[in-house]
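Data first, discussion second: the structure below is written as structure tokens.
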Amino acid sequence: MKARQQSTGSERGDLNLVKRIAYSVLKWPKLWTASTTLLTLVAGASALVSADFGAPFWMFVPLLLWLTTVGLPTTLAVLLVATAWGRIPGGSGLLPFILCATAVAFLFQAVALRFFASKLRGPVR
């Protein structure tokens, strides 16, 4: 006889929470995209400023975890724009860089959130 594996209530609750988050991302994609993009940009700026002033390592752990998980598309977008910024004709100045990096980060984050939310939600019936 095959042993049936029963799932506990907390496992089902965790799965339901993930599906609810995925559903809310699909329901309000612009809100989720804007909030995660802005939160990632603030986390990156905080990490840079804190490093400049010699903050202890333990303060960087949550920032780096965010930047390498949920905020990875925004982080990659900012790095991509920073790499190309000096090579673009007329690409000078801090304000245009910030605007361009934010726009590209918003685009990258929107694509990533939409992709992962649709994967977490499961097949459409």
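What follows draws every value from the coordinates through simple rules; no lab data is involved. Given the structure is predicted, the values throughout are model-derived calculations rather than measurements. We place every Cβ from the backbone using ideal geometry, glycine too, and count neighbours over all the protein chains shown.
The listed residues are Arg87, Arg114, and the only one of them that is surrounded by fewer than 18 Cβ atoms within 10 Å (Cβ to Cβ), among the charged types (D, E, K, R) and not in a loop (DSSP other than H, G, I, E, B) turns out to be Arg114. One residue alone among Ala77, Ala82 is assigned to a helix (DSSP H, G or I) and touching a Phe, Trp or Tyr at 6+ places or on another chain (Cβ under 6 Å), and that residue is Ala77. From the list Ala47, Ala51, Ala22, Ala77, which residue is hydrophobic (A, V, I, L, M, F, W, C), out of contact with any Gly (no Cβ under 9 Å at 6 or more places or on another chain) and either surrounded by fewer than 16 Cβ atoms within 10 Å (Cβ to Cβ) or in contact (Cβ under 8 Å) with a residue 60 or more places away in the chain (or both)? Being hydrophobic (A, V, I, L, M, F, W, C), out of contact with any Gly (no Cβ under 9 Å at 6 or more places or on another chain) and either surrounded by fewer than 16 Cβ atoms within 10 Å (Cβ to Cβ) or in contact (Cβ under 8 Å) with a residue 60 or more places away in the chain (or both) holds for just one of Ala47, Ala51, Ala22, Ala77, which is Ala51.
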